[in-house]
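Inspection log for the structure reproduced underneath, given as structure tokens.
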Amino acid sequence: MPNTRTNAPRGALVFDMRTLGRQAGSAKAQQLTVPAPDDMRLELARVPVGAEMQLDVRFEAVTEGVLVTGSATAPLAGECARCLAPLATTVAVSFTELYRYTRDRHDQRDRSDENTGQDDEELYLDGDLLDLEPVLRDAVVLALPMSPLCREDCPGLCVECGVPLADAGPGHGHEDAPDPRWAGLMQFGNEATRRAGAIDLQEG
């Protein structure tokens, strides 16, 4: 029998397929909570590293390897793209991926002249171990919002003072501020008015 042992490190998202076997049609399902791996992030949204992810996954042995289908839910952190308020929501994803059985050396030689670009995109078991982390990470990152909102109708920030308009209320506003380029002229006009008033008092 071929040696299917591996020295690869075991993580929370690495599953042992020995209990599944390689008989096509055999399957097993698992529901578990796992810590979120790193690099699940965009500029304004992310899944915190180590956050609890709810994972529902099914493994099915097929002729080519192990077909994995599942779903995951994780807490979402970040900032609203309009008002910069902290986010308090979740992201849910689903995925389907085929992990092929590890190729032997003879198979590698037979396929050496084939399209290596397509081959690089395929996933393989490491002996009896299946590493779900890259599939889960890709699914989550693709589902992250590029411009997350704290709510769909978020009005954003006041362009004058920066206060969140949702907190300020509908009556929030600002009087028309004078153009700073006219500040010196207005100051001169005020001084002239005061002098004219003083002259009137003296003449009176």
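The values are calculated or read from the model by the stated rules, or taken from the named source; none is laboratory data. Keep in mind that what you see is a predicted model, and the values were worked out from it rather than measured. Methodologically, a virtual Cβ is constructed for each residue, glycine included, from the backbone with ideal geometry; neighbour enumeration extends over all protein chains shown. The accessibility values were calculated without ligands, DNA or RNA, using every heavy atom of the protein model including side chains. Shrake-Rupley method; radii C 1.70, N 1.55, O 1.52, S 1.80 Å.
What's the number of the only condition in (1) open to solvent by 80 Å² or more (accessible area, probe 1.4 Å); (2) in a loop (DSSP other than H, G, I, E, B) that G11 fails to meet? Of (1) open to solvent by 80 Å² or more (accessible area, probe 1.4 Å); (2) in a loop (DSSP other than H, G, I, E, B), only one is false for G11: (1). Within segment 90-108, the set of residues being open to solvent by less than 80 Å² (accessible area, probe 1.4 Å), at pLDDT below 90 and not in a loop (DSSP other than H, G, I, E, B) comprises D107 only.
Taking segment 61-72 as the range and being open to solvent by 20 Å² or more (accessible area, probe 1.4 Å) and touching a strand residue (DSSP E or B) at 6+ places or on another chain (Cβ under 9 Å) as the test, the residues that pass are V62, E64, L67, T69, S71. Within segment 40-60, if we keep just the residues that are under 13 Å from the mean Cα position of the chain (by Cα) and open to solvent by 50 Å² or more (accessible area, probe 1.4 Å), the residue that is nearest to G21 (Cα to Cα) turns out to be V49. Taking each residue of segment 80-93 that is in contact (Cβ under 8 Å) with a residue 60 or more places away in the chain and looking for partners that are part of a loop (DSSP other than H, G, I, E, B) and of a type in the set (G, A, S) with beta-carbon atoms closer than 6 Å, six or more apart or interchain, yields A81/S147; R82/G156; C83/G156.
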